[in-house]
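Comments concern the structure below.
The values are calculated or read from the model by the stated rules, or taken from the named source; none is laboratory data. Note that the structure is a prediction, hence the values are computed from the model and not measured. All Cβ positions, glycine included, derive from the backbone under ideal geometry; neighbour counts span all protein chains shown. Heavy atoms of the whole protein, side chains included, go into the accessibility calculation; ligands, DNA and RNA do not. Shrake-Rupley method; radii C 1.70, N 1.55, O 1.52, S 1.80 Å.
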Amino acid sequence: MTESTPLDLRSVVAGAPLPRAGTPVADTDPSRTADVLAEVSLAGPEDFVAACRAAKEAQAAWARVPAPVRGQVVATIGDLVKANKEALAQALTRDIGKPLAESRGEVQEAIDTCEFFRGEGRRLYGQTVPSEMPDKELFTFRTPLGVAAVITAGNFPLAVPSWYIVPALLAGNTVVWKPAEYSAFCAWAFYEILSHAGLPEGVLNIVYADGQDTFAGLSDALDQGLVDKVGFTGSSAVGSRIGALCGRHLQTPCLELGGKNPMVVAEDADLELAVEGALFSGFGTAGQRCTSLGTALVHESVHERFVDLLAEAVAAAAVGDPTQDVLYGPLICERFAERFEGFLDWIGDHHTVLGSTATGRITAAAPREGFIGDPAAGLFYHPVILNGVRPDDRVFTEETFGPLVGVASYRHLEEAVELANRPGYGLSCSIYTTDPKKAFAFRSGIGAGMVSVNNSTSGAEAHLPFGGNGRSGNGGRLSGTWVLDQFTRWQSMNWDYSGRLQKAQMDAVQIEADPDFRLG
Ligand code: UN1
């Protein structure tokens, strides 16, 4: 992992690296874009299909490994991630520019996931269910689906893949993992860990490919019956295409998509706490979490004070080198930076920009006071608080992945709930209030999958259901026992040991009763 020698990364199918093909793409350090971490050979659609075939061939044997033994493999993965925690955190910070403290948190999230599922290997419970007939028993079993194709984004290149891969493997599925090309360096590090945990050949395959070839490969693999479940974390637009593709094959993918996560600040809120929450969820990971704060909806009576405090906090925050103590570092990659510049074009004349003296790239001509490091070396952007956001603004209705937070105001809680639901996403949300009635009214009115009270919109723990509704996903939930419903199917069994044919409903035991009885 030295700076001078980029890794030569190739997809690995059934334990064998694929031959180098085409011109490799560079995965660079976004804090120092001249520093190439890996040269990644991208696979074509046929390689994706080959990986799915290898996974298919390995699946039956893996499913026969007893679940507690599969749990031991998960335990080893967790132990290896723990033993390599610092190296993985350093790799994350170099590859995607996440501040070290956050990178360590992300590695911990993967460890927590393994901690949870190591025990699940000894549960993975089914049920016994009473029969309506004597000498007959009913049962349920969780069965694996087969091959899971897991396609993940690069903003959480370790934790989010672990949310899919760990329970999928534990439940007896085999996996084809397609990480983001721009975080291939981290993906390689996690793959190395996974491949030292005792997984048999073909049980986990990694394919580096661009979006278009992945889609083509996935489509062919589905046609050939080689994929049984798709897990996808990424944009709502791509998620809807994957949903349509899977639907044609009568499959339900697990889609974890974008968010426009609102934060309501009520008139009775602890404003300093709310500002702290807005700062972290708006600008942590440079605003590039699916759970990042979109718009703060602030009661009109505290709007001005909240905006002043937030602007002050953002102006004072350190931005820059993610190996130092900063609020945030660079954007993840060139593509994200370009897209963020497009979002900045949505700023209108009726908005007021706060927290910065400029918008866009931090440069010598547009410097940021207190910047840590060399802004010219990487993809560093000014933080933007946009006051005066209106419900028909694009910055109100669309996700703006990057360090940009909108602020709007409201008069009544019903209006806040309506505004919070308006963009049609439904991942995460939060309310700051000291009134339990408001907190519960907000919870029942909001369409989001995850609700925080007096906490930021981001930072979900690794064992509560994670996922969204509407434009944020199709209702699938990751994490905890809930994710098992994504990677297993219920199989029911009935066993009649009466020695005769007992027909359901027709031969069910009948009880004599007198329904016409009346008192008095
Ligand atoms: C994501 O951005 O895709 O809740 C996941 C959070 C993190 C996970 C974010 N634990 O912010």
**Item:** Which listed residue, of Asp35, Asp29, is of a type in the set (Asp, Glu) and either free of Cβ contacts under 8 Å to residues at least 12 places away in the same chain or open to solvent by less than 10 Å² (accessible area, probe 1.4 Å) (or both)
**Value:** Asp29
**Request:** Tell me which of these Ser103 doesn't satisfy, since it passes every other one: (1) touching a strand residue (DSSP E or B) at 6+ places or on another chain (Cβ under 6 Å); (2) of a type in the set (Ser, Thr, Tyr); (3) closer than 25 Å to Arg335 by Cα.
**Result:** (1)
**Test set (1) more than 30 Å from Glu276 (Cα to Cα); (2) in contact (Cβ under 8 Å) with a residue 40 or more places away in the chain - Ala462 fails condition number** = (1)
**Prompt:** From the residues in the range 474-504 that are of a type in the set (Phe, Trp, Tyr) and touching a residue at least 60 places away in the same chain (Cβ under 8 Å), which one is nearest to Asn173 (Cα to Cα)?
**Reply:** Phe487
**Message:** Any residue that is open to solvent by less than 40 Å² (accessible area, probe 1.4 Å), closer than 23 Å to Gly355 by Cα and of a type in the set (Phe, Trp, Tyr) - is there at least one of those in the range 433-454?
**Reply:** no
**Hey, Phe283 touching a strand residue (DSSP E or B) at 6+ places or on another chain (Cβ under 7 Å) and either open to solvent by less than 10 Å² (accessible area, probe 1.4 Å) or outside the structural domain of Ala187 (by TED's automatic domain parsing) (or both) or not** = yes
**Request:** Hey, could you check the range 109-139 for residues that are acidic (Asp, Glu) and surrounded by 15 or more Cβ atoms within 10 Å (Cβ to Cβ) and say which is nearest to the chain's Cα centre (by Cα)?
**Result:** Glu109
**Prompt:** How many residues, within the range 140-152, are outside any strand (DSSP E or B) and surrounded by fewer than 24 Cβ atoms within 10 Å (Cβ to Cβ)?
**Reply:** 2
**Fill in**
Restricted to the range 135-159 and to residues being in contact with a Leu (Cβ under 8 Å, 6 or more places away or on another chain) and not hydrophobic (A, V, I, L, M, F, W, C), the residue farthest from Gln59 (Cα to Cα) is Pro157
**Message:** Looking only at the range 61-75, count every residue that is in a helix (DSSP H, G or I) and open to solvent by 50 Å² or more (accessible area, probe 1.4 Å) and tell me the total.
**Reply:** 4
**Request:** Please tell me if Glu106 is within 16 Å of the ligand (Cβ to nearest atom), under 19 Å from the mean Cα position of the chain (by Cα) and acidic (Asp, Glu).
**Result:** yes
**Request:** Please go through the range 45-87 and pick out each residue that is farther than 13 Å from Leu204 by Cβ and in contact with a Cys (Cβ under 6 Å, 6 or more places away or on another chain).
**Result:** Gly78
